[in-house]
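The values are calculated or read from the model by the stated rules, or taken from the named source; none is laboratory data. Keep in mind that this is a model prediction, so the values were computed, not measured. Don't worry about glycine lacking a Cβ; one is built from the backbone with ideal geometry, like all the others, and counts go over all protein chains shown.
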Amino acid sequence: MMSKYDVLIVGGGHGGAQAAIALRQAEFEGSIAIFSNEEFYPYERPPLSKEYFAGEKSFERILIRPESFWQERDIEIHLNNRVTKIDANLHTIETTNGEHFGFGQLIWATGGAARWLSCPGAQLAGIHVVRNRDDVDAILAKLDEVHNITIIGGGYIGLESAAVLRRLDKNITIIEAQDRLLSRVAGMEISEFYLQQHKEHGVDIRLNTQVEAIDGEVAVTGVKLSNGDIIPSDMVLVGIGIVPSINALRDAGAICANGVDVDALCRTSLPDIFAIGDCASHANKYAAGAVIRLESVQNANDMASAVAKTIAGTESPYDAVPWFWSNQYDLRLQTVGITSDYDATVLRGNPDDKSFSLVYLRQGKVIALDCVNATKDYVQGRKLVLNGEKIDPTLLADSNIQLKEMQIG
Ligand SMILES: Cc1cc2nc3c(=O)[nH]c(=O)nc-3n(C[C@H](O)[C@H](O)[C@H](O)COP(=O)(O)OP(=O)(O)OC[C@H]3O[C@@H](n4cnc5c(N)ncnc54)[C@H](O)[C@@H]3O)c2cc1C
């Protein structure tokens, strides 16, 4: 007979794990199963480009919960079992193993797959992405043999990887198509600061540069650029974003555009099917109601907790304040709010001191802060973002005055 779960969670990453944890915290007593296509119990992804990559944390230390936790809470985990099909009417799923399972409610928490290169040579050996444990283990296994590493993409994952690899004394080149680093997620002052920091650590950064081809016979030997330069490379890391993993949901009839569309309760257009985390497009009040996908642990966890509460009987719209962090060298960046659609920025402090913040404003209201080694600003700025406070930019720029002294509400 086909097994049926009251709540079936697809994806054992941050969102999937947190949904199960939060359901039990909300005293949900029904049956819960997590299906994961990975062979590992749920683990934290951020250390993959930080402490785990650098060898500072073992895999056991990045597990979201010890293995025993899941059994103790009566949460079944099906590893190595990808969900390939959903029948929304029958409330069933099919997996790669050819098995079928029924569900009362389904939570789709599949994140995304690392976007791969599309240029000639993209299938050569020695090209890697940094998305899951297997990816990083594959890089680590080859690291002793390689010296020249080219990183394609100047976003957070590329920059964090560069910082780790420089500490291991690898020669690093970063290729970025835009005219600045972090162009999608941060203001100019932050981009310039990180450009400077990476240059000081010996990273060769090529902005405004496209990759034309990856050179090599079987394995990569170089990266050919749009300006004709060839960067000798023994390894290539690709950090150019993700493609949301939503095929089965789309095939089942869920409305999808850039990810799966969800409403304020994280419900998809299909009955009894929720979607959370990196794959879920939602209208975010901190982005002035724009429909966006957020790729952060905060978003995955908070969506998971909201859905768990709803399933457990208390309807809980998702409206948490977004936050994010990134560690590179001795720099801890903490972001609160959404750094898009700003019309002005204010710098607090001096980037030369390696401790400063960039405040993002829209129509005079504080909508986000990027804080570099400035945890006080980050903590105090959260309230300004939460309340959408209007504050005189000259006051904001005065780093001798604490942000908490500027709160009106
Ligand atoms: C290297 C790296 C560093 C990061 N650093 C930070 C950081 O510093 N701060 C921060 O806030 N965020 C960071 N992030 C982003 C953060 O990890 C993600 O936003 C978060 O993991 C999203 O959670 P999720 O549950 O939506 O997806 P994931 O955690 O990606 O989990 C999805 C899981 O579902 C599995 N899956 C996919 N399809 C199927 C299927 N059909 N059937 C079964 N299983 C499936 C996937 O293999 C994966 O295990 C980082 C991400 C990476 C990769």
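Out of all the residues in region 181-196, is one or more under 24 Å from Leu124 (Cα atoms), in the same structural domain as Ile149 (by TED's automatic domain parsing) and in a loop (DSSP other than H, G, I, E, B)? Among the residues of region 181-196, not one is under 24 Å from Leu124 (Cα atoms), in the same structural domain as Ile149 (by TED's automatic domain parsing) and in a loop (DSSP other than H, G, I, E, B), which makes the answer no.
Any residue at all in region 297-319 that is surrounded by fewer than 17 Cβ atoms within 10 Å (Cβ to Cβ), of a type outside the set (Ser, Thr, Tyr) and assigned to a strand (DSSP E or B)? Taking every residue of region 297-319 in turn, none turns out to be surrounded by fewer than 17 Cβ atoms within 10 Å (Cβ to Cβ), of a type outside the set (Ser, Thr, Tyr) and assigned to a strand (DSSP E or B). Within region 252-285, the set of residues being touching a residue at least 12 places away in the same chain (Cβ under 8 Å), more than 15 Å from the ligand (Cβ to nearest atom) and either in a strand (DSSP E or B) or of a type in the set (Ser, Thr, Tyr) (or both) comprises Ala257, Asp261, Ser269, Ala283.
Looking only at region 100-114, residues that are surrounded by fewer than 18 Cβ atoms within 10 Å (Cβ to Cβ) and more than 12 Å from the ligand (Cβ to nearest atom) come to 3 in all. Against the test of being over 14 Å from Asn148 (Cβ atoms), more than 16 Å from the ligand (Cβ to nearest atom), touching a residue at least 60 places away in the same chain (Cβ under 8 Å) and not β-branched (Val, Ile, Thr), the options Glu212, Glu200 yield a single qualifying residue, Glu212. Listed residues Leu237, Leu225, Leu249; which is in contact (Cβ under 8 Å) with a residue 40 or more places away in the chain, within 16 Å of the ligand (Cβ to nearest atom), surrounded by 14 or more Cβ atoms within 10 Å (Cβ to Cβ) and closer than 22 Å to Cys119 by Cβ? After applying the criteria, what remains is Leu237.
Applying the criterion of being assigned to a helix (DSSP H, G or I) and over 17 Å from Val220 (Cβ atoms) to the residues of region 128-139, the residue that is farthest from the chain's Cα centre (by Cα) is Asp137. Among the residues of region 1-47, the ones that are within 11 Å of the ligand (Cβ to nearest atom) and outside any loop (DSSP other than H, G, I, E, B) come to 14 in all. Being surrounded by 19 or more Cβ atoms within 10 Å (Cβ to Cβ), within 13 Å of the ligand (Cβ to nearest atom) and acidic (Asp, Glu): is that true of Asp377 here? It is false that Asp377 is surrounded by 19 or more Cβ atoms within 10 Å (Cβ to Cβ), within 13 Å of the ligand (Cβ to nearest atom) and acidic (Asp, Glu).
Take region 48-71 and flag every residue that is assigned to a loop (DSSP other than H, G, I, E, B) and of a type in the set (Ser, Thr, Tyr). Within region 48-71, Tyr52, Ser58 meet the criteria.
For Asp74, the conditions (1) away from the ligand (no atom under 15 Å from the Cβ); (2) of a type in the set (Asp, Glu); (3) at negative phi are fulfilled apart from (3). Of all the numbered requirements in (1) buried (at least 22 other Cβ atoms within 10 Å of the Cβ); (2) more than 10 Å from the ligand (Cβ to nearest atom), Tyr52 misses one, and that requirement is (2).
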